[in-house]
Each structure stands twice: as structure tokens, then as C-alpha cells.
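Shown next, in C-alpha cells, is the structure this report addresses.
None of the figures in this text is laboratory data; all of them are computed from the coordinates on show. Everything numeric in this text was worked out from a predicted model, so none of it was measured. Cβ coordinates were reconstructed from backbone atoms using ideal geometry, including for glycine residues, and neighbour counts include every protein chain displayed.
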Amino acid sequence: MEEDLMLTLAHWMAGEFSNQKQSLADAKNYAHIHVFFRPLPWDFFSGIGFYSEQAYDYDLWSPYRQGVHRFIQQGEQIYIENYKLKDPILHAGSGRRLDILKTITPDCIERRYNCSMVFQREGHLFQGRVEGNCCFIERNGQQTYLDSDVKLTETTFVSLDRGRDVTTHEQVWGSTAGHLRFEKCQSYASEVPQNEKLGNDQLLISDPFLAVTEDKGQMNHAPSSRS
């Protein structure tokens, strides 16, 4: 069932992920990063939503990227709309502490368009991508578009973000060493809204708008927030 597909994605995504093993094996190319996907209360979007936070292990209270995400079902695909926080620093730590997470309300966020992540089930994993070359990000005065690839299983999160020149399509920023490979170290699946709350009228939207999370600055090998 379609609603089961979205719930499976939400349950797998809900958690804290770390690439500690990858960083220990190749510290030159991969910093130790924590990624948090924390479910939001049902009433926030009248559906499934998440807060995400990405931070370096040495400074967890200063995340380099934060975002809010809304799940939308469209057939066999899940669109994840993305929003930025108006004052991100006020909510730093929401990935780890529910009391801080509760400070985030719909009034605290703004939509960012043209960069939704689109997820589809492929066997034992979900494959996520940004459609088209229209997710524009200015970096050091140069206009680029986001080329993002995500693979999610029940216990792993693999991500690669690259910025490409809008004309030549050559890589301008992002990892040149390959995907970041995270393992789930804590699950928040129990916080995902329950199945009985999901109705078809809330799951299916024929033409969802596209959006993107805000980058707050990242190292070349930092992963994407979803989107």
C-alpha cells in the first residue's frame, strides 16, 4: 500500500546517523559528521514531517545545516518538500533534544522552491534524487545547481552532494572523494505518526511544489539535508 511505503521511508529515516567508521578509515577526506532526522508532531504539517540537523562531531551545538521537511505521497514516489528556518541558531540542538524541537512552529519556517528530493523504493533501499538541474545555489559568487544522490536503508544513509556549473555542468563544489556513508546509531521511528492517522486525501497530491533546504556553509564533503 502507498501509505505503507511512506511510513517505511519515514521509519527508516527517523534517527541519528554517523559516519564515524568512514572518518576513522580516511580522516583526510571525511570529517566525522552526525546527521539527525527527528520526526515532527502530526499537527505541524497535518502529516509526516521531519526536522534535520547536520553537525561535525567536534561541535554538535553548531550545526552547519538545518532544515524542515514535509513528506508528500505521489503514486509510488515520495516527494520531500524542504523548508528553511528563519532563525536557525535558535533551534540548534533540536535533533537531540525534544524540548528544543518543540520551539519549532510553522511560523518559524519558509518554503524554498525547486529542489525537492524525490524518493522511490528500489528493492531493499530507497533511492533519492533532485529532479532536473534547477536547484540553484550560489557559491562564492558563482551560480551552480545541486546534483544530489541519496540511498537509504533501514540502518544506513549514503549521500553525495555536488554543485555543478549551470553552463558547463562541471563540478564546482562538493565531495571529490565519493559518497558519505552513515550508519544509524539511534532510531526515532517510534516518534513517527501512527498509520491510522494517515488518510488518502492527506497522502496524495497531484503536483507538489518543489523546495530546498538552506545551506549554512559546509565542508566540501558535507552531506545534504533532505532536501
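Pairs under 8 Å by beta carbon, first residue under 19 Å from G128 (Cβ atoms) in region 170-187, partner acidic (D, E) and outside any strand (DSSP E or B), six or more apart or different chains?
Listed by first residue and then by second, the contacts come to K184/E154.
Please find, within region 59-105, the residue that is nearest to F45 (Cα to Cα) out of those that are of a type in the set (K, R) and in contact (Cβ under 8 Å) with a residue 60 or more places away in the chain. Please lay out each step first, then the result.
Residues of region 59-105 of a type in the set (K, R): 65, 70, 84, 86, 96-97, 102.
Filter once more, so that each one left must be in contact (Cβ under 8 Å) with a residue 60 or more places away in the chain: 65, 84, 96.
Values: R65: 21, K84: 15, R96: 21 Å.
Among those residues, the one meeting the criterion is K84.
Taking region 78-105 only, how many residues are assigned to a strand (DSSP E or B) and of a type in the set (D, E, K, R)?
Going residue by residue through region 78-105, those that are assigned to a strand (DSSP E or B) are 78-85.
The next check asks that each one be of a type in the set (D, E, K, R); those that pass are 81, 84.
Final tally of qualifying residues: 2.
Conditions: (1) surrounded by 13 or more Cβ atoms within 10 Å (Cβ to Cβ); (2) under 16 Å from the mean Cα position of the chain (by Cα). E110 meets all but one. Number of the miss?
(1)
List the strands (runs of 3 or more DSSP E) inside region 106-163, counting only whole elements, that have at least 2 residues being in contact (Cβ under 8 Å) with a residue 12 or more places away in the chain and in contact with a helix residue (DSSP H, G or I) (Cβ under 7 Å, 6 or more places away or on another chain).
Details: elements: 109-111, 117-122, 125-130, 136-139, 142-152.
Where strands (runs of 3 or more DSSP E) fall fully within region 106-163 and carry at least 2 residues being in contact (Cβ under 8 Å) with a residue 12 or more places away in the chain and in contact with a helix residue (DSSP H, G or I) (Cβ under 7 Å, 6 or more places away or on another chain), they are 117-122.
Which one is surrounded by the fewest Cβ atoms within 10 Å (Cβ to Cβ), of the residues in region 15-69 that are in a strand (DSSP E or B) and polar (S, T, N, Q)?
S18
Under 9 Å between Cβ atoms, which residue pairs at least 6 apart in sequence (or on different chains) link something in region 25-43 that is closer than 14 Å to V192 by Cβ with a partner that is among the charged types (D, E, K, R) and surrounded by 23 or more Cβ atoms within 10 Å (Cβ to Cβ)?
F37/E53; F37/R226; R38/E53
Given the structure, is E53 more than 27 Å from T176 (Cβ to Cβ), touching a Pro at 6+ places or on another chain (Cβ under 8 Å) and of a type in the set (D, E, K, R)? Write out each step before concluding.
On the way: more than 27 Å from T176 (Cβ to Cβ): no; touching a Pro at 6+ places or on another chain (Cβ under 8 Å): yes; of a type in the set (D, E, K, R): yes.
No; evaluated as a whole, the condition is false for this residue.
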